[in-house]
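Data first, discussion second: the structure below is written as structure tokens.
The values are calculated or read from the model by the stated rules, or taken from the named source; none is laboratory data. Please read all numbers here as calculations on a predicted model, not as lab measurements. Cβ coordinates were reconstructed from backbone atoms using ideal geometry, including for glycine residues, and neighbour counts include every protein chain displayed. Please note that ligands, DNA and RNA were not included when accessible areas were found on the heavy atoms of the full protein model with its side chains. Shrake-Rupley method; radii C 1.70, N 1.55, O 1.52, S 1.80 Å.
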Protein chains: 2
Amino acid sequence: MQKGLSVSDSDGSTFAPLVVLELAPNTKEEAVEWLLKRIRDKQQDGGAELLVEKLSPEDQSTEKDNPNVYMVGASMRRLLFGAEDVGLFKEFNDGTMRSFTCANRHNFKEFQGDGDSFLSMAECQYIIKHELDTLRAKGEAHVPGYPKMKLYPGKSVIRRIQSKGILVQIFPLHENEELKRLSFSWYKQFKLSFQPLDDIRHYFGEGLALYFAFLEYFTFALIPMAIIGIPYYLFDWEDYDKYTVFAGFNLVWCTVILELWKRLSASLAYRWGTLSRKKAFEEPRPGFHGILGFNPVTGREEPLYPNFKRQLRIYLVSVPFVLLCLYLSLYVMMIYFEMEGWVLMIHDEEPTFWTGVLLFIPSVIYAVVIEIMNLIYRYAAEYLTNWENHRLESTFQNHLVLKVLVFNFFNCFASLFYIAFVMQDMGLLRQSLATLLITSQILNQIMEAFLPYWLQRRRNKKAHRRVIKTLADKELPLSDQVKLEADMSTYLGTFDDYLELFLLFGYVSLFSCVYPLAAVLVVLNNVTEMYSDALKMCKVFKRPFSEPAADVGVWQLAFEAMSVIAVVTNCALIGMSPQVKSYFPESDTQLIMWVVAGEHLLLAVKFILTFVIPDIPKNIQIKLSRLEFESLEALKKRKMLEGSGTPKTDK
Amino acid sequence: MQKGLSVSDSDGSTFAPLVVLELAPNTKEEAVEWLLKRIRDKQQDGGAELLVEKLSPEDQSTEKDNPNVYMVGASMRRLLFGAEDVGLFKEFNDGTMRSFTCANRHNFKEFQGDGDSFLSMAECQYIIKHELDTLRAKGEAHVPGYPKMKLYPGKSVIRRIQSKGILVQIFPLHENEELKRLSFSWYKQFKLSFQPLDDIRHYFGEGLALYFAFLEYFTFALIPMAIIGIPYYLFDWEDYDKYTVFAGFNLVWCTVILELWKRLSASLAYRWGTLSRKKAFEEPRPGFHGILGFNPVTGREEPLYPNFKRQLRIYLVSVPFVLLCLYLSLYVMMIYFEMEGWVLMIHDEEPTFWTGVLLFIPSVIYAVVIEIMNLIYRYAAEYLTNWENHRLESTFQNHLVLKVLVFNFFNCFASLFYIAFVMQDMGLLRQSLATLLITSQILNQIMEAFLPYWLQRRRNKKAHRRVIKTLADKELPLSDQVKLEADMSTYLGTFDDYLELFLLFGYVSLFSCVYPLAAVLVVLNNVTEMYSDALKMCKVFKRPFSEPAADVGVWQLAFEAMSVIAVVTNCALIGMSPQVKSYFPESDTQLIMWVVAGEHLLLAVKFILTFVIPDIPKNIQIKLSRLEFESLEALKKRKMLEGSGTPKTDK
């Protein structure tokens, strides 16, 4: 573990600090003492049995510093127990991935001696987070010193003090040495190479590593499309009736890459030990409130909130709100078309260079407005979903994703659909697509990485200046590093990153046959995205807790839904192409019938493909069944040995 | 257990015979002795530890009787161990269903004293079947006396001697008392009541009970449709432009009933303890052959057959064969249409009563030909799928089902699709549908139940006459009962029964809007089907081994595929109705666009519904998660008690 950082334990022994707990500066003394005691108590007594120490800054010069910052760590023994608790999968001696147990820890590949370097720092931090989260109230009726902060047996202490504002934040510490190595191999060398996915996973956990793996996979998958697209653009092939080939290619492409991704992600998840990891029982999310009752599953006391009330909120408030927003978005779209018409009129009256530039202005404005609307809606959706009071974080996330996806999809693509299928103006479609794509990409990159990075640097410089006064050495003392990291912004998860990819995937799969350069643009964007995302993870944000993940979750579904829509859209575009229309000179009806029939056939093939291609590669399937078989056999053997005399009811 | 039947054990104690093993009459003595020894051997020595006794007939008058008939039973203790082996779920004291273990057998609800009546006879027979199937060769190189019948360590003995013809048949015995009770409550009383599903499950196992549950559910689900259909028929509403309402109803109906069935079947499977039962590791099917190698999962020696060879057989032989059959079926259809035209011509020339009757003749002939083709194809498909040499019974079944489904669907519905969408003759469609439906129903009922029943009765009478000579008592002696049952036909599983329901579902969901009486006919058919199926299970066939099942398996998928096709068909029928056409007097194109748009919307809603409606009812979901939670907690507690000192690597 990190050598530079260590704190004196109360017993005089040192421990490596892993996680930082920042309590509100005005927290009452008795509450702090109670919390520390509960964290330090033995597990038999219902405590978390972790090591916790107050951060003692080297210089107390600035009074505005929060004094209530605590460092949490644990003994190696406690961490190993915790690893078993959370069901961590590690590589076994025979090369398979198995659930770690303390009892046969010596059969795991990387377990040497005391197991010091067996768990990565991210894993240790994840374990500590889990142990803190499952630290439950016993007999306390409320948080000591705060009679209004009710507790009941079984309530997670950390979640309660977090939702009540006593716990300001909890975050894992960065590991400077490792971070330097990672960032060097990740984005500091400008050579063509794969991302160091295993290192990313080692440092940030599986959830984030899977995002970067997906980003990279998506980029590579786009390359054939980009290659086909370039000559189309260069030799001006797109006279709107050669794009049927491209549309056909699109159809196959978007089905195949999603299927292959499932297999790749299963391979990665197996290698990282998350594929067959069992999900732990999900606790209510921190913000969930209701009347105290008994959970029918656990039998524990916890707040209950009647489902019908939630349904009422969803159907009477959220759904109408979303519909209203969709209507608004439609309204804005109409304004855009009016502006477009107005500008075109000006240009037609008296075409100069400036009116030519003016032609692009409405699209740019519209693209900016779309981004702003998306941003505002995002907050509204989060607020609403929170208000719906979902019990589990996962259902909360699903409802949020659904709300945001529907709106963003509509907002970004409605105008394109309108141009393509109502106005049937392929020239305008191409121009809009290009403007939308380029503007939103530039905006995104700025908003997402460079702006925060710049803010961060400004802040850091100030902090550095202060620090350098006291210390000439380059390595910061622990207290300063903690302060620096505490000031960094919090990474809110991969949601926005996936959303961006989702929209890009939409632009490419839905309409790229009209504007073949789209794929090229998206590839370029993805490459810069990789660097900017890497930069923001390493430099801008606090280190996030690693999140075990076996797949990209609900996003797989979202991308697949998009690919179904892509089949429909591409078939319609093919049907509208003059080339195809010329085959049916006498009757539109027949043309439409054939297009519809073809589309149904393609959809059927798509579903059959999804069904036929196994989601998990054969070799991993075999490894998984071998493990299962072995455990079944072991169980049988044990029973036969144990039980040979047990039931005495011989007839 | 059955009182009338018991055999003397070698030790002088009696045991209840459960399963009959019939070996070939000319089997060599040493092979028989070896087999019996292996069955009787203790489990520690690799035997099955079952009781087995030769059937000694009361009178050896008829020499043609096979002398090599053996009865297999087991001690209650052995059966309880076996129940644990196969992972039987039984009701626990707290009302939940739990995996039975001998260690806490006294906590199961119906376990009293020695556990005599704890397991039903069907369960005991299933356990014995499982134990016989997993009786494996140890050091034997071949079956004693038959140097050509190779064995290798780990090979299932029973499967080998079965595939080599030494084992003629293996079947469980009927239980006369219970059967009488069951058949009385099932089909002997002509009153409106639900089927005794729990009793059926108790006697025949979960697989068959689920079939009857589905049959009953399907019938009830049809009743609203039948009720709506009757006035349509009576008041002659079907002037072909009022059927849009009916088609719309169809759409909703077929989606909703399939979703609800999933929930109902989950409830039943939970009550019967199969819902969360783990599937045991699947052995290669008896007919599977290949070069000896090592299974990568189990590490056991077993025949291996390269996958690419199987793929070659499938794609180069089976697929072309199926396509050829489809072409043939199309050809027959064309002949039918020619006949139809020819008959119509005769009728038009000189219409009399007899030419009126003649009008129905082609349809009837076609229906009969379809049934015959289905029957022949069924055998061909079975042969081909066998030849494809699938390793597992489940993949074998899937390939067989797929082949048969595609052909039967095509064979039964091609003419209807042709009439509906190419000829667009709704009158003919209605007539064809009626003839097909009625003819195939009548044929099916005769072929499936009454013919075998009649044959069975003739055979039984002969046997009875012989028996009555020796015994005036009504209860047959064991040896005669065994002989009687051995002569009964073997029930080949629920395949054909589900297939019939599948086709009926197709007739109703695809076209019933044109012929609303279809639902009424299918309801009538299903009611008689219930009785005839019950009759055939109780009287015609050997008792089948009970098959644990948690759902209807691949049939759920097949029915869902049909319901998707139904959406497409019904939308097209709606679009073709004069009523809808009159809304778009000026342009066909617009009409088609609207229909296609509506169809896409409906399909989208359908998929969303499938996704949103939970497959398992909430209350069962809660029970399942409670069990899971409890076992997790128990594991945690045990680890904490056991392991508190285990890893001594305290830092």
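Results, tabulated for the structure shown:
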read-out: Residue within the stretch B:303-317 that is more than 30 Å from B:F407 (Cα to Cα) and within 14 Å of chain A (Cβ to nearest Cβ) present; value: yes
read-out: Single condition A:N389 does not satisfy, out of (1) outside any helix (DSSP H, G or I); (2) at pLDDT below 85; (3) open to solvent by less than 60 Å² (accessible area, probe 1.4 Å); value: (2)
read-out: Selection count where residues are part of a helix (DSSP H, G or I) and over 19 Å from the mean Cα position of the chain (by Cα), scope the stretch B:116-129; value: 4
read-out: Residue selected from the stretch A:364-374 under the condition in contact (Cβ under 8 Å) with a residue 12 or more places away in the chain and under 22 Å from the mean Cα position of the chain (by Cα), by the criterion farthest from A:I314 (Cα to Cα); value: A:E371
read-out: Residues of the stretch A:541-585 classified as open to solvent by 40 Å² or more (accessible area, probe 1.4 Å), of a type in the set (D, E, K, R) and touching a Phe, Trp or Tyr at 6+ places or on another chain (Cβ under 9 Å), total; value: 1
read-out: Residue list for the stretch A:566-595, filter: in contact (Cβ under 8 Å) with a residue 24 or more places away in the chain and under 14 Å from B:V596 (Cα atoms); value: A:V568, A:T569, A:C571, A:A572, A:V595
read-out: Conditions (1) open to solvent by 10 Å² or more (accessible area, probe 1.4 Å); (2) farther than 19 Å from B:I170 by Cβ; (3) at pLDDT 85 or above; number of the one not met by B:Y515; value: (3)
read-out: Residue match in the stretch A:628-645 (condition: over 30 Å from A:S267 (Cα atoms), at pLDDT below 85, within 10 Å of chain B (Cβ to nearest Cβ) and surrounded by 15 or more Cβ atoms within 10 Å (Cβ to Cβ)); value: yes
read-out: Among the residues listed as B:Y305, B:Y270, B:Y232, the single one being under 30 Å from B:A519 (Cβ atoms) and touching a residue at least 60 places away in the same chain (Cβ under 8 Å); value: B:Y232
read-out: Residue among A:G139, A:G145, A:G205 that is modelled with pLDDT of 85 or more and farther than 27 Å from A:N526 by Cα; value: A:G145
read-out: Unmet criterion (only one of (1) open to solvent by less than 60 Å² (accessible area, probe 1.4 Å); (2) assigned to a helix (DSSP H, G or I); (3) at pLDDT 85 or above) for B:P17; value: (2)
read-out: Unmet requirement for A:G290, which otherwise passes all of (1) more than 14 Å from chain B (Cβ to nearest Cβ); (2) open to solvent by 60 Å² or more (accessible area, probe 1.4 Å); (3) in contact with a strand residue (DSSP E or B) (Cβ under 8 Å, 6 or more places away or on another chain); value: (2)
read-out: Lone unmet requirement of (1) of a type in the set (S, T, Y); (2) within 12 Å of another protein chain (Cβ to nearest Cβ); (3) assigned to a helix (DSSP H, G or I) for B:T101; value: (3)
read-out: Subset of the stretch B:96-115 [touching a residue at least 60 places away in the same chain (Cβ under 8 Å) and open to solvent by 10 Å² or more (accessible area, probe 1.4 Å)]; value: B:M97, B:R98, B:S99
read-out: Residue identified as touching an Asp or Glu at 6+ places or on another chain (Cβ under 6 Å) and more than 10 Å from chain B (Cβ to nearest Cβ) among A:G47, A:G95; value: A:G47
read-out: Inter-residue pairs, beta-carbon under 9 Å, first at positive phi and in the stretch A:243-267, second outside any helix (DSSP H, G or I) and at pLDDT 90 or above, 6+ apart; value: none
read-out: Checking B:Y187 against (1) under 21 Å from B:V32 (Cβ atoms); (2) open to solvent by less than 50 Å² (accessible area, probe 1.4 Å); (3) in contact (Cβ under 8 Å) with a residue 60 or more places away in the chain; (4) not in a strand (DSSP E or B), the condition it does not meet; value: (1)
read-out: Filtered residues of the stretch A:547-571 (kept if within 21 Å of A:M426 (Cα to Cα) and at the interface with another protein chain (Cβ under 10 Å from one of its Cβ atoms)); value: A:I565, A:V568
read-out: Qualifying residue in the stretch B:150-160 (condition: assigned to a helix (DSSP H, G or I) and β-branched (V, I, T)); value: yes
read-out: So A:A83, is it within 31 Å of the chain's Cα centre (by Cα), within 12 Å of another protein chain (Cβ to nearest Cβ) and closer than 19 Å to A:K37 by Cα; value: no
read-out: Close pairs from the stretch B:532-553: first closer than 15 Å to B:N176 by Cα and in a helix (DSSP H, G or I), partner small (G, A, S) and open to solvent by 10 Å² or more (accessible area, probe 1.4 Å), Cβ under 7 Å, at least 6 apart; value: B:V540/B:S489
read-out: Hey, B:Y366 open to solvent by 50 Å² or more (accessible area, probe 1.4 Å), of a type in the set (S, T, Y) and assigned to a helix (DSSP H, G or I) or not; value: no
read-out: Selection within the stretch A:446-494 - assigned to a loop (DSSP other than H, G, I, E, B), at pLDDT 75 or above and surrounded by fewer than 14 Cβ atoms within 10 Å (Cβ to Cβ); value: A:T490, A:L492
read-out: Exclusive hit being on the phi < 0 side of the Ramachandran plot, outside any helix (DSSP H, G or I) and open to solvent by 20 Å² or more (accessible area, probe 1.4 Å), set A:K279, A:K309; value: A:K279
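To keep it simple, each residue is scored yes or no on (1) within 27 Å of the chain's Cα centre (by Cα); (2) β-branched (V, I, T); (3) within 30 Å of A:N26 (Cβ to Cβ).
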| position | (1), (2), (3) |
| --- | --- |
| A:E140 | no, no, yes |
| A:Y146 | no, no, yes |
| A:K155 | no, no, yes |
| A:R160 | yes, no, yes |
| A:N176 | yes, no, no |
| A:Y187 | yes, no, no |
